[in-house]
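First the structure, in the form of structure tokens, and then the observations on it.
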Amino acid sequence: MSFIFGIIAFVILLPIIVFVHEFGHFLFARLNGVRVESFSIGFGKSFYSWTDKRGTVWKLCIIPLGGYVKMLGQSDTPETVEEKKNAESKLSATEKKQSFEFKKRYQKASIVVAGPLFNFIFGFIVFFMLFIFRGVPLTPSVVMDVQKDSGAYVAGIKSGDTILSINDVEIKRPQQIAKIVQTFDGKVFDIKLKRDDKTLTVHATPTRQGERYILGVSYSSEFNSYEPVGVLRAISLSYETISGIVCETMKSLWEIIAGTRSSNELGGMISIAKVGGNALSSGFYSFMYLIALISVSLGLFNIFPIPVLDGGYLFIYLIEAIIRRDIPEKVKEKMFFVGFMFIIFLLLLSNVNDIIRIIK
């Protein structure tokens, strides 16, 4: 059943997030007078399509692993840059006015940045709507998994236990636990648990992982109660939630780059499906919360200055604005090739990690 929920969740959440991202590109392309030739959700052969009044072909394709907006004159890949340059010479005066490549740099930058921007805006709106109409989730600190040989494992903490307090500090949310664990100064933690309607106390010593301490447990994502909030508080919490996602993501990536955290923690499509399935089975709130979280994460990832990503294009436009001339096409081709290979490496690494976790 969890496998089915995972597939359903993946098929639902990814197209939504991709549509939001690509619609940002589409809208700003239209606003800047660029002709959008096609808007695709998914890759491969389309199973449904239609053409709007301005000639844009809207497509739903059989492989729901992404999407794209195809603009007139846009150079998409290093293999087609020269081909597209030659094609540009054949464009009419009207077509040049509608071509992406003939727009000013600030117009190109606005089109490129609109995709990630819309992901952030969408995430903010979803968080705000969830908080204002349902409230802030009070996630129970119910242990879902215990890492072998961790401090929690040695202390005898088991899946299904609810952590009530640590050193007499009441635990209302799992996030509190991580903060308390970081204060570890060598003294054993007294942890009060609820297990099968019984209360017991165990003594645990956090274990060091890179530059931080961990207890070695993961928690249930199910929300069982909510705290009502007003509009201003909902706005503040939405901002704080997005800021937290950005900060934690950047911190984790830096730790991986610095070698203080294992790259084995990276997850791919299987991880997304698994988490999505758990959220979907937990209810509408959990699933929408996850969609907003992934939307923000996708927006953040896309603004990294890696060629082939939106941030890579922005980086190139910035350099060209500084030097006041275009970067040679040959140099761009090499930059895009390196960026493309790096993205392929990340995709392979994250998905191989998923497969290894399944095997183990």
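Considering only helices (runs of 4 or more DSSP H) fully contained in the stretch 242-326, which possess at least 1 residues that are under 27 Å from Y68 (Cα atoms) and over 16 Å from the mean Cα position of the chain (by Cα)? Here the list reads 269-282, 310-323.
Of everything in the stretch 247-259 that is over 21 Å from Q147 (Cα atoms) and of a type in the set (V, I, T), the residue that is surrounded by the fewest Cβ atoms within 10 Å (Cβ to Cβ) is I257. Of the helices (runs of 4 or more DSSP H) that lie entirely inside the stretch 105-195, those containing 1 or more residues that are over 26 Å from G244 (Cα atoms) and open to solvent by 60 Å² or more (accessible area, probe 1.4 Å) span 105-133, 151-155. Taken as a whole, the structure leaves F10 outside the set of residues that are surrounded by fewer than 21 Cβ atoms within 10 Å (Cβ to Cβ) and either modelled with pLDDT under 90 or within 21 Å of A114 (Cβ to Cβ) (or both). Across the stretch 45-60, what is the number of residues that are outside any loop (DSSP other than H, G, I, E, B) and either open to solvent by 100 Å² or more (accessible area, probe 1.4 Å) or at pLDDT 90 or above (or both)? Residues flagged as outside any loop (DSSP other than H, G, I, E, B) and either open to solvent by 100 Å² or more (accessible area, probe 1.4 Å) or at pLDDT 90 or above (or both) within the stretch 45-60 amount to 10. Against the condition open to solvent by less than 50 Å² (accessible area, probe 1.4 Å), touching a Cys at 6+ places or on another chain (Cβ under 8 Å) and either of a type in the set (D, E, K, R) or not in a loop (DSSP other than H, G, I, E, B) (or both), how does G24 come out, does it pass? Taking the combined requirement at face value, the residue does not satisfy it.
When I316 is tested against the conditions (1) more than 15 Å from V112 (Cβ to Cβ); (2) open to solvent by less than 90 Å² (accessible area, probe 1.4 Å), the lone failure is (1). Of the residues making up the stretch 260-306, those that are open to solvent by 30 Å² or more (accessible area, probe 1.4 Å), farther than 28 Å from A114 by Cα and small (G, A, S) number 4.
The values are calculated or read from the model by the stated rules, or taken from the named source; none is laboratory data. Small disclaimer: the values here were computed from a predicted structure and weren't measured. Cβ coordinates were reconstructed from backbone atoms using ideal geometry, including for glycine residues, and neighbour counts include every protein chain displayed. Remember, those area values only see protein heavy atoms, side chains included, never the ligands or the DNA or RNA. Shrake-Rupley method; radii C 1.70, N 1.55, O 1.52, S 1.80 Å.
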